[in-house]
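Peer 1: So that we are looking at the same thing, I have put the structure below in structure tokens.
The values are calculated or read from the model by the stated rules, or taken from the named source; none is laboratory data. Computed from a prediction, not measured in an experiment: that's the story for all the values here. Cβ: placed from backbone, ideal geometry, glycine included. Neighbour counts: every protein chain shown. Accessible surface areas use protein heavy atoms only, side chains included; no ligands, DNA or RNA. Shrake-Rupley method; radii C 1.70, N 1.55, O 1.52, S 1.80 Å.
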Amino acid sequence: MTQPQGALLVGSVNYDDAEKTIRTASEVLGGRLKRIPDGEVGKRFHWIMFQPDVLAQAEGIERIGAEPVWLRDLDARPLRIAEGVEAASLQLPPLGYVDAAIASYETFRRLRAAGDVAPGVRFQVSLPTVVAVVGSFFLGDDRAAIEPVYTAALLRELDEILAVIPHDDLAVQWDVASEIGIIEQAAVHGNPMSAWWPGDPFDGLVLRLAGLIDSVPADVEVGVHLCYGDIAEAHFIEPKDAGTLVQFANTLSVAADRSLTWLHLPVPIERDDEAYYAPLAELAPVADELYLGLVHREDGVEGAQRRIAVASRFVPVFGVATECGIGRAPEGTTEGIFETHAAVSAAW
């Protein structure tokens, strides 16, 4: 059986603060990690669900519905552009990713200076795609109207992060879930996930993501986390096999001008059959590192090793990860998940 090389922390981690995430990840996983995220702590605990609270601050953007839809302390109601307002005139507030990155990077730098993080390990910043935010919180014609506005705001956030964090310390990950849902024609809470541009949705999704990848300078690492969603630790649709992921990654590698540092592909917990992994044999060399999200808290080392054994028949070299972030895993399970990564993979 292949011994996986290295581990990737997808993004969110169920700890209260960045210091706990960074210190524990470094202690448990050590030389298996080339980069460490801050755990997406605070208001980012549920991925993009804090963005409506941010965007609703903009004059000309309104909530849909009279009563808040609470997700812990976040109001998840969707948004609309107010009647008579031109989208191009909207002034969006800071999205929150810059402030979080700066604060957590200072913690990362302090821990590294103290010897708690190994030299050469990078600080990982995970960002959502425009498709995720626009497709999740706007409806109808507002999606096409707000897309360029939100794109500009997100790229401003990226540019500010690039200006503050040294490039040789930084790794940027684009979180790609909604795109896979649109391709697979999935639905969330009965609402179909759909594109809002003409033509083949697949082509539009690839071009949009390629643009985000190319916005990261060549001296900064960049990765892509492909995902089938994580709503109460469940996918928005169960994949037939890894074929859609492979097709999307292969097409993306041609569309983007720069190469990926890493690619992450999810593996459902129940899939230890060859049929799921067989498409991996067609995966082009799209990234320097490939990580398979086959670590699951429910069956630990034994389950991961079972999936590793099957995956190894189709792809010779890969590292391990969970299939999505673990920020919403049950309290007290995080360190055990880290330990599973360590048990089934080798250090670099």
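Peer 1: Within the range 48-63, how many residues are open to solvent by 50 Å² or more (accessible area, probe 1.4 Å) and farther than 17 Å from ALA153 by Cβ?
Peer 2: Total satisfying the criteria: 1.
Peer 1: Restricting attention to the range 298-332, and to residues there that are of a type in the set (Lys, Arg) and over 30 Å from ASP17 (Cβ atoms), which single residue is nearest to the chain's Cα centre (by Cα)?
Peer 2: Start the filter on the range 298-332 by keeping residues that are of a type in the set (Lys, Arg), which leaves 306-307, 313, 328.
Applying the additional criterion that residues be over 30 Å from ASP17 (Cβ atoms) yields 306-307, 313.
Numbers: ARG306: 25, ARG307: 22, ARG313: 27 Å.
Ranking the candidates gives ARG307 first.
One line per residue, one yes/no per condition, for (1) in a helix (DSSP H, G or I); (2) of a type in the set (A, V, I, L, M, F, W, C):
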site: TRP174; (1), (2): no, yes
site: GLY204; (1), (2): yes, no
site: ILE213; (1), (2): yes, yes
site: ALA218; (1), (2): no, yes
site: GLY223; (1), (2): no, no
site: ALA234; (1), (2): no, yes
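Peer 1: Could you look through the range 236-248, keep only residues that are without any contact (Cβ under 8 Å) to a residue 40 or more places away in the chain and assigned to a loop (DSSP other than H, G, I, E, B), and pick out the one that is least open to solvent (accessible area, probe 1.4 Å)?
Peer 2: ALA242
Peer 1: Can you confirm whether the range 45-53 contains a residue that is modelled with pLDDT under 95 and assigned to a helix (DSSP H, G or I)?
Peer 2: Scanning the range 45-53, I find at least one residue that is modelled with pLDDT under 95 and assigned to a helix (DSSP H, G or I), so the answer is yes.
Peer 1: Shifting gears a bit: Answer with yes or no whether ALA177 is surrounded by fewer than 19 Cβ atoms within 10 Å (Cβ to Cβ) and of a type in the set (A, V, I, L, M).
Peer 2: Details: surrounded by fewer than 19 Cβ atoms within 10 Å (Cβ to Cβ): no; of a type in the set (A, V, I, L, M): yes.
No.
Peer 1: Give THR251, THR261 a once-over and let me know the one that is farther than 15 Å from ALA177 by Cα, open to solvent by 20 Å² or more (accessible area, probe 1.4 Å) and not small (Gly, Ala, Ser).
Peer 2: THR251
Peer 1: Looking at (1) among the charged types (D, E, K, R); (2) touching a residue at least 24 places away in the same chain (Cβ under 8 Å); (3) not in a loop (DSSP other than H, G, I, E, B), find the lone condition where ARG297 falls short.
Peer 2: The one condition ARG297 does not meet is (3).
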